[in-house]
Amino acid sequence: MNERKTSVFSNGLLWFGAGISIAEILTGMLLAPLGFAKAFAAIILGHLIGGVVMYLAGLIGGRTGGSAMETVRISFGTQGAKLFAGLNVIQLVGWTAVMVASAALAANTIAAIGVSWWSLIIGAFIAVWIVMGLKNLSKINVVVMAALFILTIVLSLVVFKGGTPQVPAGDLTFGGAVELAVAMPLSWLPIISDYTRTAEKPGLATAASCSAYFIASSWMFLIGMGAALFTGQDDIAAIMVQAGLGVAGILVVLLSTVTTTFLDAWSAGISAESLSAKLNGKKTAIAVTVIGTAAAILFPMDDITGFLYLIGSVFAPMIAVQIADHFILHRDRFAVAADARNLVIWLVGFIAYRLLMGVDTPVGYTLPDMVLTVVLCLLAEKAKPTKQM
């Protein structure tokens, strides 16, 4: 699934589309109990933390030219990295199901033809995007992103057109809100290098990708939070219907879901290739789309907070180990089967994240967990320096 070199602009455009999604709006609604000022601060702080980590993850792929799971080999070895590649494929199937399900529910509120039918329609569009591939989508993406940009402005005007904010009841803390905002960019950590690896200018392309995602995702969170505060609604599709955004609403739901979920399915194919050379990336991506669509039809996908935290607990310590190895220690374990030391450190980081979920900090769980994991890497290297291969 190798592609030609990509420009800074095309990378930014790709990730702007990734940030515009119904899932982001729905997650933003969860922050409304904090009130506008605190929720806004949590959104920005969370996206800053997640965005910086996302940038470092993407920069590793841009510098080395390796896909996301190939860069994992540098820290965990060729066999050790397969653990994360397998987990990544599973979480991407889950994300595909979540995105299709949330979009189908929204679309059915606007045009009631049945949630299952909408799931099939959305899944079909994602499959078409996969068949076309990144190279052929570059020009189409310009048109799609322009349309999404305009439609998002319209949606913003509908949500923030006035009225007195009504803060809903809830027990969400500021730290919990920050973590929800961190979780979205964090979910892209095991993916972003799949796209920055082909960049003509890796540093600039990665910065453009993360900046575009920061803007789009924060914007979606604000729309969701604003919708809950200013309209009293917890259903963004119902707001679109009340505002008379019939066709426009369908376009927002369909285009935003396809441009985001396509990346999940496409990266699942790339991760699958790192598991076995016998697997075809594009065919696997289509299979992931089919499985995700089926799961969206068969299983409830109405609460994704636990799913977001699970992703964070797995991939935050993973990327922390990579950051320590690549940027500080300059370790390269690509040639070994498995780096037991880093796998143990990752496991400690995973457990620490789950324990930190019971501790309310102003910056959430991800940042403390990653700092702890990096410190463990440095202490381990100091205690027993790595022999050069």
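The Cβ shell under 14 Å around Met240 holds other residues with a net charge of -1, Lys and Arg each +1, Asp and Glu each -1. The charge dipole of the chain, taken about its Cα centre with unit charges on the Cβ atoms of Lys, Arg (+1), Asp and Glu (-1) only, comes to about 1160 debye. The amide H of Thr6, built 1.01 Å from its N in the peptide plane, has Ala199, Glu200 as neighbours under 5 Å, considering only residues 5 or more places off or on other chains. Phi angles of the range 201-210 translate, via the Karplus equation with coefficients 6.51, -1.76, 1.60 and θ = phi - 60°, into HN-Hα couplings of 10, x, x, 5, 5, 5, 4, 5, 4, 6 Hz per residue; Gly and Pro are given as x.
For the listed peptides 194-205, 229-240, 22-33, a ranking on the average number of other beta carbons within 10 Å per residue, highest first, reads 22-33, 194-205, 229-240.
Can you tell me how the range 266-331 classifies by the Cα gyration tensor, rounded, prolate or oblate, using a/c under 1.5 as the rounded cut? Since a/c reaches 1.5 but b/c is at least a/b, the shape of the range 266-331 is classed as oblate. Taking a sphere under 12 Å around the Cβ of Gly312 and counting the other residues whose Cβ falls inside, with K and R at +1 and D and E at -1, yields a net charge of -1. Taking Tyr55, Tyr365, Tyr213 and ordering them by how much accessible surface each has at a 1.4 Å probe, largest first, produces Tyr55, Tyr365, Tyr213. Counting only alpha carbon atoms, the long axis of helix 305-323 and the longest principal axis of the chain meet at about 30°. Compared with the dominant principal axis of the Cα atoms in the chain, helix 281-298 is inclined by about 50°.
Computed over protein heavy atoms with a 1.4 Å probe, the accessible surface of the range 1-145 works out to 36 Å² per residue.
Once C-alpha pairs closer than 8 Å and six or more residues apart are averaged by separation and normalised to the residue number of the chain, the relative contact order reads 36 percent. Quick one: Cα centre-to-centre distance for the range 52-77 and the range 347-389, in angstrom? The range 52-77 and the range 347-389 have Cα centres spaced 18 Å from each other. Putting +1 on Lys and Arg Cβ atoms and -1 on Asp and Glu Cβ atoms, find which of Gln322, Asn280, Ala294 reaches farthest to the positive end of the dipole of the range 260-328. Comparing the listed Cα positions along the dipole, Asn280 ranks first. For the range 294-389, which trypsin sites (Lys or Arg not before Pro) pass both filters: DSSP loop (anything but H, G, I, E, B) and at most 15 other C-beta atoms within 10 Å? Here the sparse-neighbourhood loop sites are Lys387. Tally Lys/Arg at +1 and Asp/Glu at -1 over every other residue whose Cβ is under 15 Å from the Cβ of Val167; what's the total? Result for the neighbourhood of Val167: -1.
Take the alpha carbon gyration tensor of the range 28-157, find the square roots of its eigenvalues, order them as a ≥ b ≥ c, and report rounded if a/c is under 1.5; if not, report prolate when a/b exceeds b/c, else oblate. Judged from the Cα gyration tensor, the range 28-157 comes out oblate (a/c at least 1.5, b/c at or above a/b). Counting only protein heavy atoms and a probe of 1.4 Å, the accessible surface of the range 243-367 is 72% carbon and sulfur. Taken one residue at a time, the phi angles of the range 117-127 give Karplus couplings (6.51, -1.76, 1.60, θ = phi - 60°) of 5, 5, 4, 5, 5, 5, x, 5, 4, 4, 4 Hz. Gly and Pro are set to x.
The values are calculated or read from the model by the stated rules, or taken from the named source; none is laboratory data. All values reported here derive from a predicted model rather than from experimental measurement. Note that each Cβ is placed from the backbone with ideal geometry, even for glycine, and that neighbours are counted across all protein chains shown. To get the accessible areas, we keep the full protein, side chains included, count just its heavy atoms, and leave off ligands, DNA and RNA. Shrake-Rupley method; radii C 1.70, N 1.55, O 1.52, S 1.80 Å.
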